[in-house]
Amino acid sequence: MADRPRPGAPVRVALLGSGGSIGTQAVDVLTRLAPDWRVVALATGSRAALVEEQARRLRPAAVAIGTDAPLDLPTGCAQVRGPDALEALAARDDVDLVVVGTAGVVSLRPVLAALRVGTVVATANKETLVAGGHLVMAEARALAAGRAAADPRDPLASPLGWLRPIDSEHSAIWQCLVGEALADVAGLILTASGGPFLDTPAGDFAGITPERALRHPTWSMGAKITIDSATLANKGLEVVEAHWLYGLPYERIDVVVHPQSVVHSAVRFRDGSLKAQLGTPDMRLPIQYAVTYPRRLPSPAAAVDLVAAGHLDFRAPDEVRFPALRIAREAGAIGSRATAALIAADEVAVGRFLAGTLDFPGIASLLERAVARYGSGPGQEPGVDELVALDAEVRAAFAAPGAGPGRGTVPDPAA
Ligand SMILES: NC(=O)c1ccc[n+]([C@@H]2O[C@H](COP(=O)([O-])OP(=O)(O)OC[C@H]3O[C@@H](n4cnc5c(N)ncnc54)[C@H](OP(=O)(O)O)[C@@H]3O)[C@@H](O)[C@H]2O)c1
């Protein structure tokens, strides 16, 4: 499948998570790129009316919805049902590129299924890499090695040609690395906006409401990632993601707070040079780069106006007020069981914060408990079944109403 698309033929795309923040922006990008890129499969979790409307507009061959509710689809468009629907769409032999905009570990199996049949994946989804980075990168590296043997300059001779990051920081690093050798990289710098509470005293954290935490200063994103940005858990997850994508040890991946969100990330080289990628905070740019790579095409994202930006500020992150960053780093150093526990716990913690049963500092407390309780021990390279089971176990343990008083301290459910 990697030899497709045939010259002159459209690139055929499966879009997973089409109803979400990334998914709807990907629909916008792909609509503008038509007819050279064509959506042949769509999947969302629960938004039936939205995916029906997308199907009428994009005319895919197949659509799936997580609830399996019957859909009203146009003629020629089949509904794919069942627990393996996402995998079935991702591994279709008429798909050249899978774009992943789902939240959670639900996309781990579909991403592996796509790579195993030699289909390129562009992913915004963090959970796939944070929990299963060891699995997906092994597939991407094997595919790239096959290409490199024939032609080292082939864009698919790099694992990043196969597993293309959409997350803006990782896209920025990827863009900085084009034409460079990984051996020349001294380190990575991930930028963080710092979120809405960058200057809020720690003493005020217990009173932070979901409404305030959902007001991100620079990016417009889904609710989960917006709360993760406020706690800096998002940056912690991105450090783990970067470790897997670029194969660098954690001590060579730094985080710098940059409130304007114009510098999306940077790479330090061994000669002392620093390369950064700058852009307006618009996810359509990294989505499009991953879709059209190695080509750059006009996009709806506005270019950065450096004079209007005026000044760009940078400062060190405060891991005392924002312990989630430290906890994620520590989980990464332990291994994939720990990061899988972290990501499952984070989904529970954010859900509970939004529901009002956990306060803002309680999010980090819950993460720390989950990593300590479920992350340690041998077997730090779990298989998919083990990861999915661990995810369910952590969720069940911490989601229960009794799994914490909700006002900052979270007891260990196993205690
Ligand atoms: N939003 C951003 O700007 C941004 C930036 C960088 C990275 N990311 C990452 O991208 C991922 C998605 O984020 P988001 O903000 O777009 O989340 P979101 O708005 O919550 O969207 C998630 C999507 O996943 C779908 N989904 C959930 N379960 C599914 C299932 N079983 N089958 C099919 N689809 C399913 C949802 O469907 P329904 O809505 O229909 O239920 C929705 O379309 C996350 O990993 C996030 O960290 C997001």
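The values are calculated or read from the model by the stated rules, or taken from the named source; none is laboratory data. Keep in mind that this is a model prediction, so the values were computed, not measured. Here the Cβ positions follow ideal geometry from the backbone for every residue, glycine too, while neighbour counts run over all protein chains shown. Surface accessibility is based on the protein's heavy atoms, side chains included, excluding ligands, DNA and RNA. Shrake-Rupley method; radii C 1.70, N 1.55, O 1.52, S 1.80 Å.
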Keeping all protein chains in the complex and leaving out DNA, RNA and ligands, what accessible area do you get for residue 21 with a 1.4 Å probe, in Å² to the nearest 10? 40 Å²
With springs connecting C-alpha atoms under 10 Å apart, model the chain as a Gaussian network and identify which of 150, 301, 370 has the largest mean-square fluctuation. 150
Candidate residues 219, 162: accessible-area rank, largest first, probe 1.4 Å: 219, 162
For the range 188-320, with the dipole built from +1 on Lys and Arg beta-carbon atoms and -1 on Asp and Glu ones, taken about the Cα centre, which of 310, 267, 234 lies farthest toward the positive end? 267
If you average the alpha carbon positions of the range 72-111 and of the range 246-303, how far apart do those two centres end up, in angstrom? 28 Å
How much area per residue is accessible in the range 269-318 when the probe is 1.4 Å and only protein heavy atoms are counted (Å²)? 61 Å²
How far is it, in nm, from the label point at residue 295 to the one at residue 274 when both lie 7 Å from their Cα along the line to the Cβ? 3.5 nm
Apply the Kirkwood formula to the chain: the hydrodynamic radius equals the inverse of the mean of 1/r over all pairs of different alpha-carbon atoms; give it in Å with one decimal. 21.7 Å
Taking every DSSP bridge whose two residues both lie in the chain, the antiparallel percent to the nearest 5 is 30 percent
Probe 1.4 Å, all chains present, heavy atoms only: residue 231 accessible area in Å², nearest 10, is 10 Å²
Could you work out what % of the accessible surface of the range 242-327 is carbon and sulfur, using a 1.4 angstrom probe and leaving DNA, RNA and ligands out of the count? 57 percent
Answer rounded, prolate or oblate for the range 164-292, using the Cα gyration tensor with square roots of eigenvalues a ≥ b ≥ c: rounded when a/c is under 1.5, else prolate when a/b is larger than b/c, else oblate. prolate
Measuring with a 1.4 Å probe in the full set of protein chains, what accessible area per residue, in whole Å², belongs to the range 6-54? 38 Å²
Reach of residue 235 by Cα under 18 Å, taken over lysines that are not fewer than 8 positions away in the same chain: 126, 224
Collect residues whose amide H, placed 1.01 Å from N in the peptide plane, falls under 5 Å from the amide H of residue 42; neighbours closer than 5 in sequence don't count. 15, 62, 63, 64
Sequence-distant or interchain residues sharing an amide H contact under 5 Å with residue 186, placed H: which? 268, 269, 270
Can you give the accessible area of residue 173 in Å² (nearest 10), computed on protein heavy atoms with a 1.4 Å probe? 0 Å²
For the range 38-176, the accessible surface attributable to carbon and sulfur atoms (probe 1.4 angstrom, ligands and nucleic acids excluded) amounts in percent to 54 percent
Expected sort for 92-98, 43-49, 315-321, 12-18 on mean C-beta neighbours within 10 Å, highest first, is 12-18, 92-98, 43-49, 315-321
